[in-house]
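Colleague: Handing you a structure now.
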Amino acid sequence: MNPKISHKRIKEFEVVTNPKIIKLLLDKTRKDIVFKYLINQPMTVKQLSDAMKKKPGTVLHHVQKLNNAGIIELVETRETPKGIVERYYRAVAREFRLGISERMSAYDEEPVASKDMVRATILGLSTLGIHVTDSEFELAQSLLQRLIDRETEVARVYDSPNNHAFQSLPPSTRFDVSYRMSQFLLSQDAMYRKTLSDWHDLISSYLRKIESGVL
């Protein structure tokens, strides 16, 4: 059996619009599978079960749900010398954001359109049961806009058409270099880290209410 490998590039982020998928990701085991492991590298069910110290059958159950929901995907299939078929899964994106049906891109939106999309995204959270209150709406809008503005600023340093050496790299390599360097620079940015923490705290407060059945 020849290896089957997907060369599809992992996305920078995916906007999650389906309330059922949001609920799916609230499960701790599934969150760990996606955010601790499969956003970093492809892994098999066996590798995941070993890393998480869980039974393979339990991990397979969660992997199948995530795969069916489109959160992860099969990227490689290979057969070992003993005839065992290994299936490697990977997250479809490095980051998942709550939003509405429109794709929110930090790279190709003009500033005014970006502001409109930020507002629409926060309003769209209501479709997921997350009703941002009037008292917190302005805060949510400000936090998300600041994050996107800074991410855009950093990304454009590497995606500049004038950087011919960088643009000559293969697309997958160019994306990985840009992503890694952007993440490094953002991790060194104290203001970005603080804003990201505030955004996570705000949205997490609503997600906890959903999980507990309050919302």
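Colleague: Mind checking the dipole of segment 4-91: about its Cα centre, +1 per Lys or Arg Cβ, -1 per Asp or Glu Cβ, Debye to the nearest 20?
Modeller: My answer is approximately 200 debye.
Colleague: Using Cβ contacts closer than 10 Å as the measure, can you line up Lys20, Lys36, Lys65 from fewest to most?
Modeller: Lys20, Lys36, Lys65
Colleague: Cut-off is 10 Å between beta-carbons; in what order do Ile203, Ile33 appear when sorted fewest neighbours first?
Modeller: Ile203, Ile33
Colleague: Determine, for each peptide in 53-60, 21-28, the mean count of other beta carbons within 10 angstrom over its residues, then list the peptides with the highest first.
Modeller: 21-28, 53-60
Colleague: So, one more: Determine the shape class of segment 4-91: with a ≥ b ≥ c the square roots of the Cα gyration tensor eigenvalues, call it rounded for a/c under 1.5, and otherwise prolate if a/b is greater than b/c, oblate otherwise.
Modeller: Taking the square roots of the gyration eigenvalues as a ≥ b ≥ c, segment 4-91 is oblate.
Every read-out reported here was derived from the displayed coordinates using simple, explicitly stated rules and does not represent laboratory data. Nothing here was measured: the structure is a model prediction, and the numbers come from that model. FYI the Cβ positions are ideal-geometry reconstructions off the backbone, even for glycines, and counts take in every protein chain you see.
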